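Report on the structure given below.
The values are calculated or read from the model by the stated rules, or taken from the named source; none is laboratory data. Note that this is a predicted model, so its numbers are computed, not measured. Backbone-built Cβ (ideal geometry, glycine too); neighbour counts: all protein chains shown. To get the accessible areas, we keep the full protein, side chains included, count just its heavy atoms, and leave off ligands, DNA and RNA. Shrake-Rupley method; radii C 1.70, N 1.55, O 1.52, S 1.80 Å.
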Amino acid sequence: MDTNQNAFRKKMTATPAMQPAKVGPHQTLLRLGKDGNKFFSSPNREPYVCLNFEQSSKAMKIKHKNFKGLLTKLFFEETGEAPTPDALNQALNQFDAIATFSGDIHPVELRVGEHEENFYYDLSRSGKNSVVEIGKDGWCLTSSSPVYFLGTPNMKPQVVPNETGGNLWRLLKHIRFKSNSDKLLYLVYIVSCFVFDIPHPILILWGEKGAAKSTSSRITRAIVDPAQRDMTSLPTGLHDLGLSLQNNYMPVYDNLSPITPKISDLLCTAATGGGFSTRKFYTDDEETILSFKRCVVLNGINVVASKADLLDRCIMLELDRIDEEERKEERVIVQEFERDMPIILGGIFDTLSKAMAIYPNVQLSSLPRMADFAKWGYAIAEAIKEGYGEAFLKAYKRNRNRASEEAVSAHPVASAIIALMKTTTLWEGPVTELLNVLENIAIRERIDTRTKEWPRAPHALSRRINEVMSNLKSCGIDVVIRHGGTHKIATIQMTPARSGQANRKKKKAA
């Protein structure tokens, strides 16, 4: 056999390992997608990618259209061709598996996060200084943070705050409230929105026509969570409302009419924190959990909330009407506000940093329902000005009493009980008899008994009273319902303080 035949035989019998391996398109996509990026999952096992994670904190879902678009762009720049849908889906599925089964678990936050007792606020800007880090000793701008932030299509970049010369009070130049106590409550509320993972009260801005409710709502959102669509109408379906709450840190619902009970319940969940279960699209048995704890803003001519449990989670601030000679074009209002924004934001972070140092030493003798907000509110008020902590607590208590009055006035049973106690300081008897008494009072006081809220049976009356028992107590009326053998007994009495006031009024009248 000659030399040429031996060379040919060796070439034909060469093993595959000796041949250069061909790189498939999905392998190219894998290499491009891994470069500088971090894959991880959230606590509920949703897969995410953090792009350029050493210099950024922005996360996105792996199968989000933006990540698909980025992979397509990188592939085209390298090969001059677009990847096939098959190759792209292969790569995305592999990234999904890497994030879910091999990656770390990290929470993903919207706008505000916390790590090792420092708060982080996402300015949603690209490049340097995209995150604000706030601690007890001050705050600074940084390019990355240990907290991963999720961007949503509705988010707008926030302005860069002034690191010196901040002024929180400048905010009141742009919003008018009727009382000084409401001004203090508003400033405290705004700063508290940057405190991570506490229940935030729902802010209700209300007032007569011409009180700039929509403008004030827009300004409030621009400070905390600027958005492309800064206000919307309140969704009527639970699924749509759940998505709105999931995707907006401070959703603002404009010019509302009365809220249905189911929507009211979901808003309560949004204030104190919780989840909403819904079926994933295109699946029969797989569900997804929408979890949120949000800073919700509502506005309307009247106080739009009526259910007692929702009002217990609200602060209601009345706006002052702007006279015609003081009105400005919207363009001018926006320009003036945008000019002050960096100063206001700097003042917010200055105040929050001081409050973080004060907060660990705050000891309150009693705590209301929104206890975390009350304690942080005291610290924030003290950071605004020494001695303002007590003023905040008094203002917050008055506001809660106002909410209780709204709750009982909107509740037909509570209204009837208040009318009953105008003529006596003590009523006791079977719940069956109480229902008859309250029905007669309702007819006399023109309280609508045809509404679904009016009880048709004694057991329903007990449930209705339980809904507003704490609100009646705030109005000076104690209600106790106990078992009395074969039936329930109701005891209704004025609290000692209210009874004393009533007696003094009778003596004065005599």
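One table, with the values for the structure above:
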{"item": "Subset tally (residues that are open to solvent by 20 Å² or more (accessible area, probe 1.4 Å), outside any loop (DSSP other than H, G, I, E, B) and farther than 14 Å from residue 153 by Cα) for the range 239-263", "result": "4"}
{"item": "Failed item in (1) surrounded by 14 or more Cβ atoms within 10 Å (Cβ to Cβ); (2) aromatic (Phe, Trp, Tyr); (3) over 14 Å from the mean Cα position of the chain (by Cα); (4) modelled with pLDDT under 95, with residue 281 passing the rest", "result": "(1)"}
{"item": "Unique match (being farther than 20 Å from residue 260 by Cα, buried (at least 19 other Cβ atoms within 10 Å of the Cβ), touching a residue at least 12 places away in the same chain (Cβ under 8 Å) and of a type in the set (A, V, I, L, M)) among 437, 479, 468", "result": "479"}
{"item": "Subset of the range 365-405 that is under 21 Å from residue 273 (Cβ atoms) and part of a loop (DSSP other than H, G, I, E, B) - its residue that is modelled with the highest pLDDT", "result": "370"}
{"item": "Meets criteria (among the β-branched types (Val, Ile, Thr) and out of contact with any strand residue (DSSP E or B) (no Cβ under 8 Å at 6 or more places or on another chain)) for residue 236", "result": "yes"}
{"item": "Residue list for the range 200-227, filter: open to solvent by 20 Å² or more (accessible area, probe 1.4 Å), of a type outside the set (S, T, N, Q) and out of contact with any strand residue (DSSP E or B) (no Cβ under 8 Å at 6 or more places or on another chain)", "result": "208, 209, 210, 222"}
{"item": "For residue 401: the one exception among (1) more than 23 Å from residue 199 (Cβ to Cβ); (2) touching a helix residue (DSSP H, G or I) at 6+ places or on another chain (Cβ under 9 Å)", "result": "(1)"}
{"item": "Cβ pairs under 8 Å, 6+ apart, first in the range 61-88 and part of a loop (DSSP other than H, G, I, E, B), second at pLDDT 90 or above and of a type in the set (Asp, Glu)", "result": "62/96; 63/96"}
{"item": "The listed residue being farther than 30 Å from residue 494 by Cα and open to solvent by 60 Å² or more (accessible area, probe 1.4 Å), out of 354, 394, 422", "result": "354"}
{"item": "Criterion violated by residue 230 - all others in (1) open to solvent by less than 20 Å² (accessible area, probe 1.4 Å); (2) in contact with a helix residue (DSSP H, G or I) (Cβ under 9 Å, 6 or more places away or on another chain); (3) without any contact (Cβ under 8 Å) to a residue 60 or more places away in the chain satisfied", "result": "(1)"}
{"item": "Count - residues of the range 313-343 that are charged (D, E, K, R) and crowded, with 22+ Cβ neighbours inside 10 Å", "result": "1"}
